[in-house]
Amino acid sequence: MSTDRSLRQVALTHGIVGFATCLCLIIFYAGAAAFGPINDVGNAVLGLLTIPLARLLAANPGASSGARERGGSRLAFAVAVVGAGVAVAGTVLVLTGITGFYLAGLWSSFGFSLIGAWLVATHWHRSSAHRRAALAAGAVMMLGLIGVPGILMGLDDMDSAPDWTFVAGISWAGTYLLFPSWSLRLARQDRPERVF
């Protein structure tokens, strides 16, 4: 299977998982409690799917082989992998009951903020058709960084959490809407874009 075809398939799966996970959250808040854990697992899957997505985007035989570009690509990929791991950790925390949903959500939004940083880093100097969509998704996802002090403080009660922690919650609009939208657009391309 060609790299382009693999990239399109991973991007399509990523986009579908992102929107399905968002839908599960909406259904959960509408009163169907069973969809909460499904949403949590979806977060982990969405994070994990970012790893092959990032790897396939970085695979570009025609790209410059300069040390700076290779180093930047490796660093950006590493940030995406760490972000995926942190997002999965958030899922593990809530599903095992180690923390409540609020602190686990801060962990997951921090993980996705690192994935957002990967999106921004890999599209900052590009001129592709999807550059603006990637930058917008990444920038909104990076709002999850605002929640890091809340993680360090162990904040796990939404009712008593400081107002500034709710800004980190805006990052989910990037994770659940903008990032999957970008992925689906990427999947529809005849020749998917590459990074670095």
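The values are calculated or read from the model by the stated rules, or taken from the named source; none is laboratory data. Being a predicted model, the structure only gives us computed values, none of them experimental. Positions of Cβ are generated from backbone atoms using ideal geometry, with glycine treated the same way; all protein chains shown enter the neighbour counts. Accessible surface areas use protein heavy atoms only, side chains included; no ligands, DNA or RNA. Shrake-Rupley method; radii C 1.70, N 1.55, O 1.52, S 1.80 Å.
Quick check: at a probe of 1.4 Å, how many percent of the accessible area of the chain sits on carbon and sulfur atoms?
Numbers: 6280 of 9380 Å².
With neighbouring chains kept in place, the figure for the chain is 67 percent.
Report the full-extension gain for the segment Gln9 to Thr96: residue separation times 0.36 nm, less the Cα-Cα distance, to one decimal in nm.
Details: separation 87, 0.36 × 87 = 31.32 nm, distance 3.15 nm.
Extra length available between Gln9 and Thr96 comes to 28.2 nm.
May I ask for the angle, rounded to the nearest 10°, between helix 3-29 and the longest principal axis of the chain, with both axes built from Cα atoms and the value confined to 0 to 90°?
Helix 3-29 and the main axis of the chain meet at about 20 degrees.
Accessible area per residue for the chain in Å², computed with a 1.4 Å probe and the full protein assembly in place, what is it?
48
Given R₀ = 30 Å, what would the calculated FRET efficiency be for Tyr29 paired with Ala59, taking r from the Cβ atoms and rounding to 0.05? Mind dumping the intermediate values first?
Working: r = 39 Å, r/R0 = 1.29.
For Tyr29 and Ala59, the calculated efficiency is 0.20.
Take the alpha-carbon centre of the stretch 100-168, take the same for the stretch 22-40, and report the distance between them in whole Å.
21
Among Gly15, Gly111, Gly97, determine the one that fluctuates most according to a GNM of the chain built with springs between C-alpha atoms less than 10 Å apart.
Looking only at Gly15, Gly111, Gly97, the biggest GNM fluctuation is shown by Gly97.
What's the angle, to the nearest 10 degrees (0 to 90), between helix 179-188's Cα axis and the longest principal axis of the chain?
30
Applying a 10 Å radius around every beta-carbon, put 170-181, 113-124, 148-159 in order of their mean neighbour count, most first.
Details: 170-181: 21.7, 113-124: 24.1, 148-159: 14.2.
By packing density, highest mean first, the sequence is 113-124, 170-181, 148-159.
Using only alpha carbon pairs under 8 Å that are at least six residues apart, calculate the relative contact order of the chain and give it in whole percent.
Working: 319 pairs, mean separation 56.2, N = 196.
Relative contact order for the chain comes out at 29 percent.
Which one is right for this structure if Rg/Rh (Cα atoms, Kirkwood Rh) is calculated from it: [x] 1.05; [y] 0.95; [z] 0.99?
Structure-derived value, by its label: [z].
If r is the Cβ-Cβ distance from Leu184 to Val82 and R0 is 30 Å, what FRET efficiency results, to the nearest 0.05?
Details: r = 25 Å, r/R0 = 0.83.
Step by step, r from the Cβ atoms, then E = 0.75.
In nm, to one decimal, how far is the Arg131 label point from the Met153 one, both placed 7 Å along Cα→Cβ?
Placing both labels 7 Å along Cα→Cβ, they lie 3.9 nm apart.
Based on DSSP H runs of at least 4 residues, each adding -39500 (n - 2.57), what is the mean residue ellipticity at 222 nm of the chain after dividing by all its residues, to the nearest 500 deg cm²/dmol? The partial results should precede the final answer.
Working: 8 runs with 137 residues, N = 196.
The per-residue figure over the chain is -23500 deg cm²/dmol.
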